[in-house]
Amino acid sequence: IGKALLFMASVAVAAIIFMVFLYPVVQKKMEERNKEKDVVYIQKDNYILAEGETGEDKDKLTEQDLKENYEQAMATLRAKVEDVKKCLVTVDIEQPTTQIPTVEKSETEVTGLVVAHNYSRYLILTSERLLSGGSRFVVKLGEDTQIEATAVCKDEVTGIGILSINELGLTKEQKDALSVAVLDNSYKVRQGDLVIAAGKIYETSKGIDYGTIAGIRTEYSKDNGYEVFETNITVTAGGFGILFNSDGKVVGISKASADSTMKFIGISDLKAPIETMINSQGIMYCGITGQNVTDELATKYGLPSGVYISAVDIDSPAYYAGLQAGDVINRINGESILTIQQFSEKLYQCADGDTMYVTAKRQGKDGYSDVLFSVNVQLKQL
């Protein structure tokens, strides 16, 4: 009896030691391991390197396709459509169940793009308007199949939202039919390139159209700048679509516009925000609105090279660090910065609360001089 009691006491002591000291350590390691498995990483693109490419060979090939062999070029595009469709789904607000069947098409459904498959989740990029219009969502994988989806994050500035679905709710056939989209380097897109647009285009969420890049311009937004591709593809009001290049790879996400022709934000400028929206349910925030100092601006206004700050948000990290409108950022953490795209790249390499050392030129009586600012960047929850 004494031995039995001693054994039981030893087991109890060992259990207490494990629960108090060892279990929290083991649990923390398990949580960290699961968290690592659940992190999505998206390969980023270099804006400066892409800008340095002339694109002459590609432009010549596109011009030849259009002028000399248009039918062959279009046949090549059409051959990519089946691959394109594999990474597209239909997303909608969950409708209340009813015993009465209906054949009417939903007015709210839009296209979704499968951007990642990680651990047990498929991550789907779709329209922010849809996520703002409801609280429960479904992803449709066919005419008669739909699965409940969970809202992850949404961003009004870029107009994109992220949903996730659990792969445990899918059959093997359904999983085999889904494909994760290849997000290409949109900095290499050139005017005149042949493209495929898929999405809610002609009163249907499954529309497909072909066209060309009619123009490229840059729009500036909070802490970032976006290349915008103008196309000759028409769209109905409230349309949402995905832009693919002639290789069937994603190069753009449609941008809300009052015009009848579709405009797309280059996917390279969205990769870092998409990754952070998926992993952290937010975007990185500094609080500046800036634009690239082009040769024209430098000559006209005598500005130094870098990112000209046109505005600073009140109560933002940039504001508390002392940055002001009129400053020209030229270095981040000691590395040269020439464009707002490079600034955004450095910002998204930070985590919530990290210090980013910003060197900016500020104009004084004797011209511009360097000033160093310590900016504690934030993760802005969306």
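Annotations for the structure displayed:
- The stretch 80-198 - convex hull of the alpha-carbon atoms, volume per residue in Å³: 143
- For the residue pairs 44/172; 140/255; 86/346; 80/200, the C-alpha atoms sit more than 26 angstrom apart in 44/172; 86/346.
- Whole-number percent relative contact order across the chain, with pairs defined as alpha carbons under 8 Å at least 6 apart: 12
- Largest first, the three principal axis extents of the alpha carbons in the stretch 140-270 are 43, 32, 28 Å in whole numbers.
- Dividing the Cα radius of gyration of the chain by 2.2 N^0.38 Å, with N the residue count, gives 1.20.
- For the stretch 253-382, the square roots a ≥ b ≥ c of the C-alpha gyration tensor eigenvalues yield an a/c of 1.5 or more together with a/b not exceeding b/c, which makes the shape oblate.
- Binning the C-alpha pair distances of the stretch 128-208 at 5 Å intervals from 0 yields a P(r) profile of 3, 10, 15, 20, 23, 16, 8, 4, 1 %, listed from the shortest bin outward.
- Residue range of the chain that is longest and free of GluC sites (Glu not before Pro) which are both DSSP loop and sparsely packed (at most 14 other C-beta within 10 Å): 204-382
- Whole-percent carbon and sulfur share, accessible surface of the stretch 216-356, 1.4 Å: 44
- Surface exposure of the chain, expressed per residue as accessible area with a 1.4 Å probe, stands at 54 Å².
- Stretching the chain fully between residue 46 and residue 301 yields a gain of 89.0 nm (0.36 nm per residue, less the alpha carbon separation).
- Value of [θ]222 nm, deg cm²/dmol, for the chain, DSSP H segments ≥ 4, -39500 (n - 2.57) each, nearest 500: -8000 deg cm²/dmol
- Euclidean distance between Cα centres, the stretch 322-362 to the stretch 182-256, Å: 29
- Compared with the alpha-carbon gap, the fully stretched path from residue 3 to residue 106 is longer by 29.7 nm at 0.36 nm per residue.
- Residues of the chain were split at every exposed loop site, defined as trypsin sites (Lys or Arg not before Pro) in a DSSP loop with at most 10 other C-beta atoms within 10 angstrom, and the longest piece left, sites excluded, is 106-364.
- Length-normalised contact order of the stretch 245-382 in % [C-alpha pairs under 8 Å, at least 6 apart]: 22
- Placing one equal scatterer on every Cα of the stretch 190-338 and applying the Debye formula, the log10 ratio I(q)/I(0) at q = 0.12 Å⁻¹ is -0.64.
- Computed FRET value (nearest 0.05) for residue 132 with residue 369, which takes r as the C-beta separation and R₀ as 30 Å: 0.10
The values are calculated or read from the model by the stated rules, or taken from the named source; none is laboratory data. All values derive from a computational prediction rather than experimental measurement. For neighbour counting, all protein chains shown are included, and Cβ atoms are generated from backbone atoms with ideal geometry for every residue, glycine included. These accessible areas exclude ligands, DNA and RNA; they are computed on the full protein's heavy atoms, side chains included. Shrake-Rupley method; radii C 1.70, N 1.55, O 1.52, S 1.80 Å.
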